[in-house]
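Bear in mind that the values in this text are calculations on the coordinates, not laboratory data. All values reported here derive from a predicted model rather than from experimental measurement. Cβ atoms come from the backbone with ideal geometry, glycine included; neighbour counts cover every protein chain shown.
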Amino acid sequence: MRKPMMAGNWKMYKNRDEARALAQEIVALVGAEEAVDIVLCAPFVDLCAVAKMTDGSKVSAGAQDVMWIDEGAYTGEVSTPMLVAVGCKYVIVGHSERRGRFGVWPKDWPEELHAVFMDNDVSVNWKARAALAGGLTPIICCGETIDERHAGTTDTIVRGQILAAMAEMTEEQIGACVFAYEPVWAIGTGEVCEADEANRVCGMIRGVLAERVCCGAQNIRILYGGSMKPDNVDGLMVQPEIDGGLVGGAALKADSFACLVTAAAKTA
Ligand code: 13P
């Protein structure tokens with residue numbers, strides 16, 4: 001039986017004081033919930049405050065990205081040991097908003113800015129392995145764009161992302177990862193993937209994991225992300241292959257996030 005997980009991805013929202021206040025509210029509402037692993041993935045500068053505020057509760061702090069090297073002359077980067085030192089337990093790796101956004105750019109951004117978001121299949125693999133080696137649980141993201149979906153290539157794209165993310169990992173390492181299926185077209189759009197289709201793709205992902213992990217794929221958690229909200233969470237969480245959510249917008253308010261956690265707890 002897989003323990004459900006509800007992870008909030010706060011993206012580039014909340015300064016330190018706002019983050020502390022939101023974490024405090026979430027702890028007050030669901031901080032004693034034992035049936036769900038609850039993660040708050042906050043901006044780097046907020047992590048210290050969030051980790052302190054959640055200390056002693058069932059809520060953990062997570063980062064949104066990590067460098068694959070422990071230390072060195074890499075201006076602007078943050079490493080696994082640094083995240084661990086402030087009490088971080090998880091890190092999101094390969095979110096589509098960091099994987100070059102698959103070319104989904106705001107129209108007014110010149111091409112020169114596109115390279116600022118630079119993750120690809122190789123960096124995702126390196127980051128995930130560095131996180132595992134240093135004691136963080138990576139939440140590895142995958143998902144197709146709307147064009148890829150329309151072209152009928154969803155499964156090929158997602159399969160490729162998952163296989164690449166697992167390259168050179170041991171079975172034990174793969175088993176220590178969390179995966180998140182986030183169709184790019186459903187992120188921040190209000191357009192949720194139909195629950196049975198999200199379940200199908202998550203099941204397909206589990207099949208890919210099973211190719212690399214002899215018998216443990218049934219124990220690996222696969223989350224859904226993309227416009228998950230209190231009014232659609234039940235339909236998603238009831239799906240057998242969906243073990244939780246990676247949530248953007250609805251994670252920015254304590255009451256709606258708590259609602260998602262409670263819905264996940266019902267399926268435990
Ligand atoms: P939304 O829940 O805002 O669609 O964002 C999903 C997401 O990108 C989580 O990582």
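The Cβ shell under 12 Å around Ile38 holds other residues with a net charge of 0, Lys and Arg each +1, Asp and Glu each -1. Comparing Ala133, Ala165, Ala19 in a Gaussian network model of the chain where C-alpha atoms under 10 Å apart are linked, the largest mean-square fluctuation is found at Ala133. Taking the centroid of alpha carbons for each part, segment 18-46 and segment 146-186 are 27 Å apart. The ranking of Ser96, Ser57 from fewest to most other beta carbons within 10 Å of each one's beta carbon is Ser57, Ser96.
Restriction of the GluC sites (Glu not before Pro) in segment 149-189 to DSSP coil positions whose beta-carbon has at most 14 other beta-carbons within 10 angstrom yields Glu168. Projecting the Cα atoms of Gln173, Ser227, Ala265 onto the dipole axis of the chain, where Lys and Arg carry +1 and Asp and Glu carry -1 at the beta carbon, places Ala265 farthest toward the positive end. The alpha carbons of the chain give a radius of gyration and a Dmax of 17.2, 48 Å, in that order. With 0.36 nm allotted per residue and the present C-alpha distance subtracted, the Glu111-Asn219 stretch has 34.7 nm of extension available.
Assuming charge only on the beta carbon of Lys and Arg (+1) and of Asp and Glu (-1), the dipole of the chain about its Cα centre is about 460 debye to the nearest 20. Multiplying the residue separation of Ile146 and Ala268 by 0.36 nm and removing their Cα-Cα distance gives an extension gain of 40.7 nm.
Residues Leu252, Leu22, Leu236, ranked from the fewest to the most other C-beta atoms within 10 Å, line up as Leu252, Leu22, Leu236. When peptides 69-77, 187-195, 202-210 are ranked by their average number of other Cβ atoms within 10 Å per residue, the highest-first order is 202-210, 187-195, 69-77. Spin-label model, Val86 to Val122: label points 7 Å out along the Cα-to-beta-carbon direction sit 2.9 nm apart. Over segment 94-190, the reciprocal of the mean inverse Cα-Cα separation, the Kirkwood hydrodynamic radius, stands at 14.2 Å.
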